[in-house]
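Worksheet: one structure, shown below.
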Amino acid sequence: MKLIVVSAGLSSPSSTRLLADRLAAATLGHVDAEPEVIEPEVIELRDLATEIAQHFVTGFPPARLAAALDAVAAADGLIAVTPVFAGSYSGLFKSFFDVIDKDSLTGKPVLLGATGGTARHSLVTEHALRPLFTYLRALVLPTAVYAASEDWGEEGLAQRIERAGAELARFMAPATTRGAAPSVDTAAAIAPRSLTGAITSVDPADGFEVVPFEQRLAALRVP
């Protein structure tokens, strides 16, 4: 299995890289496989900033950027973490995913993370990051992790990191993660659907009668 971590932190060290490393460690901690089976790799976007700009101008990725793009495309799971700039993801972060092949992330499990100086930006993972990766047709995991400056060292952040790591580990290799059944239907695990396609908590395989909504409304009308 190959786990790719994309960090858009600009400083060294950076809180963005720290969050990325902790999410990766949590993911690896929940994968029930030998350490040598897992291939984690961190891509620091600040080291590729010039190559990304060249790609925009020339239309061709330099060797280091091409290798990074290939690594993301071949990954079994992706962790993507960005600092918050002007209430959204950074330009460097967006630029990297602008030059990636449009089909590279289709169906790939992606764990989102972001860092900022204040808790006021905590919804950046939902209003900015999640729509971006949904557009790229990635399988965006339910738990995204935002870390403000005051969150570091707090129990709540550690719990969110562990929960997110467990989710990514499960969807990277459902049959080998701790506590998972040998055959897990990941789509059904996310959102079971009825015979009409609506999300439901009832498994259609168990057999049940689908009552049309119009019929239910008619039953409520006063004679």
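The values are calculated or read from the model by the stated rules, or taken from the named source; none is laboratory data. Note that the coordinates shown come from a computational prediction; the quantities given were computed from them, not determined experimentally. Cβ atoms come from the backbone with ideal geometry, glycine included; neighbour counts cover every protein chain shown. Ligands, DNA and RNA are excluded from the accessible area calculation, which covers all protein heavy atoms including side chains. Shrake-Rupley method; radii C 1.70, N 1.55, O 1.52, S 1.80 Å.
Annotations
- Residue match in the stretch 54-71 (condition: touching a residue at least 40 places away in the same chain (Cβ under 8 Å) and under 17 Å from the mean Cα position of the chain (by Cα)): yes
- Failed item in (1) at pLDDT below 75; (2) of a type outside the set (S, T, N, Q); (3) assigned to a helix (DSSP H, G or I); (4) open to solvent by 90 Å² or more (accessible area, probe 1.4 Å), with Val222 passing the rest: (3)
- Residue match in the stretch 107-114 (condition: under 16 Å from Ser15 (Cβ atoms) and open to solvent by 10 Å² or more (accessible area, probe 1.4 Å)): no
- Test: Thr50 is within 17 Å of Thr134 (Cα to Cα) and of a type in the set (S, T, N, Q): no
- Any hit, the stretch 81-103, residues being of a type in the set (D, E, K, R) and within 13 Å of the chain's Cα centre (by Cα): no
- Selected residue (criterion: nearest to the chain's Cα centre (by Cα)) from residues of the stretch 133-157 that are assigned to a helix (DSSP H, G or I) and buried (at least 19 other Cβ atoms within 10 Å of the Cβ): Phe133
- Which numbered condition Ile161 fails, given (1) modelled with pLDDT under 95; (2) surrounded by 13 or more Cβ atoms within 10 Å (Cβ to Cβ); (3) of a type outside the set (Gly, Ala, Ser): (1)
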